[in-house]
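What follows draws every value from the coordinates through simple rules; no lab data is involved. Small disclaimer: the values here were computed from a predicted structure and weren't measured. Please note: Cβ atoms are built from the backbone with ideal geometry, for glycine as well, and neighbour counts cover all protein chains shown.
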Amino acid sequence: MDVNRTVPFVDWDSAPFWEKLKEGKFMLMECSECHHVFFPARIICPECWSSALVWREASGNGVIYSFTTVEAGATAAFELLTPYTIALITLEEGCRVFGMLRHGAERTPAIGAQVRCDFEIDSNSGFVFPVFGLV
Amino acid sequence: MTFNPKQCALAGIAETQVGRIPDRDSMQMYAELAVAAAQDAGLRKEEIDGLITGGTFLRNVFMHNAVVSEYLRMRPRYSSGLVMGGGVSWCHALGEACNAINAGVCNTVLVIAADPFFTVCARTAIDLMAEFFDPQYELPFGFVTPAMFAFAARRHMLQYGTSSEQLAQVAVSQRRNASLNPLAQFRKPIAIEDVLSSRMICSPLHLLDCSPISDGGGAFIVTSGDRARSLRKPPVYVLGYGEAHELEYTDPNRDITTSAAVRSGKDAYAAAGVGPEDIDFAEIYDCFTITMLVHLESLGFCPRGEGGAFVEDRRLEVDGDFPTNTHGGLLSHGHPGVPAGIFHIIEAVKQLRREVEPERQVRNTGTCLVHGNSALFRDAATAILSCHHSV
């Protein structure tokens, strides 16, 4: 996708997440003490404040919690892409993540619809982004 | 709650026309608003010993409150800068002012916010506001403010059967209120069809479901009830105040059709010793039409999910059953960026003092609720105001 996409500002918590996307893996974190699974990554468990954490690969399956098609008023970087659809996805593991939703003109998204995570490289920046598609 | 704001009152207000103000920069508006608010209260500069300012979208001013204070040649006991806290800011500032007064830190606080947001940023406003989004989990995915509220609107439609017509009714009623307010930016009445046929921004939200971009500013002065009674205008007492902060819209446990206002409202009602049934009219931060429906529910004016039906029959209009955003709200009175929510408080004071134009004066002005919210209903601050010491 050749667009002037905003390059993510990667921080120390998220660097492994952005690296693993290049291998086609969407990584979540799990607390070894309270087993809370969360996203995005943090240095402590936001639920119990333990620092015993492990990375865990998401299955990539989820359902749409809500969605919208941006038809006007996009930021400069996304103006040429409109209309595009973005969604809140509830992953199988329970996390709610924000992402782009690809659907052809013939398919209309709906709340509760099954989606699957795919991966797209931005050739300008080399970053790989997760994108969701209707199953 | 140990917080007892009852000793505090709003004693002065000032506001600019909202819309286009091409001949004033931000600091000039701050200065003129300070003077006008002091005059309204009948206070001399030396009698104001607290200052809260809101910054500006135009550039990052370090220690903005101190810069304003220097411009006005003030030497306050208490000074605080609110750096773009979003829609919750001005109800929060009212609470801060009451806290500082009740704690004995100072006696009289001037709160000001102003920005020529339209004149300077009309073309760049979307990108400017985007700087507040998460730079790795939101922005690179094409996130924009209306999208977040569209998520909530679509959930509300699915969960409760709310229609686009019901959302549009909020915009129509507030436009009618604005049509009677000479200080509002958009005063030409509209119909539901106008909202539905306006350009789609982020489905299901149309252009007229969203706030415009405006220039403007406002100020208010808070002091002790005792002092307020000796000043020029009738005191507007702060009977109750509550604040609450929830988790983000991405938290799996958040139902994005409800607001932190459930908690802030509960605390404010408890402090004032009233309930939603005692409120005569309300001024609620309304960045999008869906924001109004969610808050009418979360603040207890109607059961959850029934906001859409509640706003029908022109209920929110100045002569309706539950006048709300009587100045026209952000949707029609205008949205000048940083100062956006301050006009809800100013309008409440004007209505409670019964000093607005007769054709838009609310009939029953015993008790008013004002509410600010930010970040898709995550942050909330609620105040209960009245000219009477108790309800």
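Ranked by the mean number of other Cβ atoms within 10 Å of their residues, highest first, the peptides B:212-220, B:305-313 come out as B:212-220, B:305-313.
Which translational diffusion coefficient, to the nearest whole µm²/s, is obtained for the range A:15-134 from the Stokes-Einstein equation, given a Kirkwood hydrodynamic radius over C-alpha pairs, 10 °C and 1.306 mPa s?
Details: Rh = 15.5 Å.
Reported coefficient: 103 µm²/s.
With pairing defined as another cysteine C-beta under 4.7 Å, the cysteines of chain B that fail it are B:Cys91, B:Cys106, B:Cys121, B:Cys202, B:Cys210, B:Cys287, B:Cys302, B:Cys368, B:Cys387. What shape does the range B:84-181 have by the C-alpha gyration tensor, where a ≥ b ≥ c are the square roots of the eigenvalues, rounded means a/c under 1.5, and otherwise prolate means a/b greater than b/c and oblate the rest? Verdict is prolate for the range B:84-181. Round to a whole angstrom and tell me the spacing of the C-alpha centers of the range B:290-315 and the range A:90-134. Distance between centres, Cα-based: 33 Å. Within the straight-line cut-off of under 26 Å between alpha carbons, the lysines reachable from B:Lys45 are B:Lys6, B:Lys233, B:Lys350, sequence neighbours fewer than 8 places apart in one chain being disregarded. Thinking of the protein assembly as shown as a set of Cα atoms, what percent of all their pairs are more than 39 Å apart? So the portion of pairs separated by more than 39 Å is 26 percent. Applying a 4.7 Å cutoff between beta carbons, the unpaired cysteines of chain A are A:Cys95, A:Cys117. Rounded to the nearest 10 degrees, the angle from helix B:145-160 to the longest Cα principal axis of chain B is 60 degrees.
When Cβ neighbours within 10 Å are restricted to other protein chains, what is their mean count per residue of peptide A:75-84?
Values: counts 11, 5, 5, 8, 2, 0, 1, 1, 3, 2.
Whole-number average of other-chain Cβ neighbours for A:75-84 is 4.
Taken residue by residue and averaged, Cβ atoms of other chains lying within 10 Å of the Cβ of B:195-207 number 3.
How crowded by other chains is B:248-258, given as the mean number of beta carbons from other chains within 10 Å of each beta carbon? Before the final figure, lay out each step's value.
Values: counts 2, 5, 9, 4, 12, 2, 2, 0, 4, 1, 0.
Counting other chains' Cβ atoms within 10 Å and averaging over B:248-258 gives 4.
Which angle from 0 to 90°, rounded to the nearest 10, does the C-alpha axis of helix B:89-102 make with the longest principal axis of chain B? So the inclination is approximately 30 degrees. Angle of helix B:164-179 to the longest C-alpha principal axis of chain B, folded into 0 to 90 degrees and rounded to 10: 30°.
Using only Cα atoms, locate the centre of the range B:125-198 and the centre of the range B:200-214, then give the distance between them in Å, rounded to an integer. Spelled out, the Cα-based centre of one part sits 4 Å from the other.
Above 16 angstrom, tally the Cα pairs of the range B:246-306 and express them as a % of all pairs, no decimals. It works out to 47 percent of all Cα pairs. Within the listed set B:Glu277, B:Glu355, B:Glu32, the Gaussian network model of chain B (springs between alpha-carbon atoms below 10 Å) gives the highest mean-square fluctuation for B:Glu277.
Obtain the radius of gyration and the Kirkwood radius of chain B from its C-alpha atoms and give Rg over Rh. All intermediate terms of the calculation are to be shown ahead of the outcome.
Details: Rg = 19.3 Å, Rh = 20.5 Å.
Ratio of gyration radius to Kirkwood radius: 0.94.
The range A:31-81 and the range B:3-75 have Cα centres separated by 40 Å. In chain B, helices alone account for a calculated mean residue ellipticity at 222 nm of -10000 deg cm²/dmol, with every DSSP H run of four or more residues adding -39,500 (n - 2.57).
Packing around the peptides A:82-93, B:49-60, B:328-339, B:121-132, taken as the average count of other Cβ atoms within 10 Å per residue, puts them in this order, highest first: B:328-339, B:49-60, A:82-93, B:121-132.
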